[in-house]
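Okay, structure first, notes after.
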Amino acid sequence: MLTAAYFVAAANLQDLDFIPQILTGERYHHGFTHSLLFAVSAALIMAAASWKILGTGFWRLMFWSQVLLFSHLLLDLFTAGGSGIPLLWPFSGELFQSPVSIFPETHHSKGLYLKGQIVFVLFETAYAALLAASLRVLSRRRGAGRCF
C-alpha cells in the first residue's frame, strides 16, 4: 500500500504546481515542474528519502521514479490545448507540445465535473490501466512476482 501511494505521488508530483497558483494568483501550471531537470531532481530526492522506508534498492526506486515522472511529461506533451511545457528549463524557455494529440484538452480551472473533464479522466484511467497491466506482465516474465 505504501508503494502504491509512492507511485501515485511520483506520477502526479508535477501537477502540484497549482498550489502556489491558488495562493498567489500567478500562473504556475506547466512551469518549471514540467521540465526534465525537475523530473530528474525530484526522482533523486524522492528515492533518497524513501528507499529504506519502502524496503527496496535506491537505484531501483530511482529508476521507477524516473519512469513515472517522465511519463507525466510525455502525457502532457500529447495533451491537446495549452501552450506546451518547458522541457529544457532553465536552459531554454521554449515550450514543447506534440503536433499530434492523444489526450483531449482539459480545463481544471473551470471545474472538475464538466463533460470534457469526464472524457479526460477516462483517457487517463485507460492509460493508467495499460501501464499497470504492462508492469504486471513484465513482473511475471521476470518471475520475481513484482517489478518494484
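The values are calculated or read from the model by the stated rules, or taken from the named source; none is laboratory data. All of these numbers come straight from a predicted model, not from anything done at the bench. Note that each Cβ is placed from the backbone with ideal geometry, even for glycine, and that neighbours are counted across all protein chains shown.
A single entry from GLN14, GLN21 fulfils the requirement of being surrounded by 16 or more Cβ atoms within 10 Å (Cβ to Cβ) and not β-branched (Val, Ile, Thr): GLN14.
Taking helices (runs of 4 or more DSSP H) as the structural unit, those lying wholly within the range 1-68 and holding at least 2 residues that are modelled with pLDDT under 85 and β-branched (Val, Ile, Thr) correspond to 2-12, 18-24. Residues of the range 79-92 that are at pLDDT below 90 and at negative phi: THR79, ALA80, SER83. Looking only at residues of the range 93-122 that are among the β-branched types (Val, Ile, Thr) and at pLDDT below 85, we find that the one that is surrounded by the most Cβ atoms within 10 Å (Cβ to Cβ) is THR106. Regarding SER101, is this residue small (Gly, Ala, Ser), in contact (Cβ under 8 Å) with a residue 24 or more places away in the chain and assigned to a loop (DSSP other than H, G, I, E, B)? Answer is no for this residue.
Among the residues making up the range 45-83, those that are more than 19 Å from ALA128 (Cα to Cα) and under 15 Å from the mean Cα position of the chain (by Cα) are MET46, MET62. What do you reckon, is SER35 of a type outside the set (A, V, I, L, M) and in contact (Cβ under 8 Å) with a residue 24 or more places away in the chain? The answer is yes for SER35.
Inside the range 26-55, residues that are surrounded by 18 or more Cβ atoms within 10 Å (Cβ to Cβ) and among the β-branched types (Val, Ile, Thr) make up a count of 1.
For the range 76-92, a residue qualifies if it is crowded, with 17+ Cβ neighbours inside 10 Å and among the aliphatic types (A, V, I, L, M), and the qualifying residues are LEU77, ILE85, LEU87.
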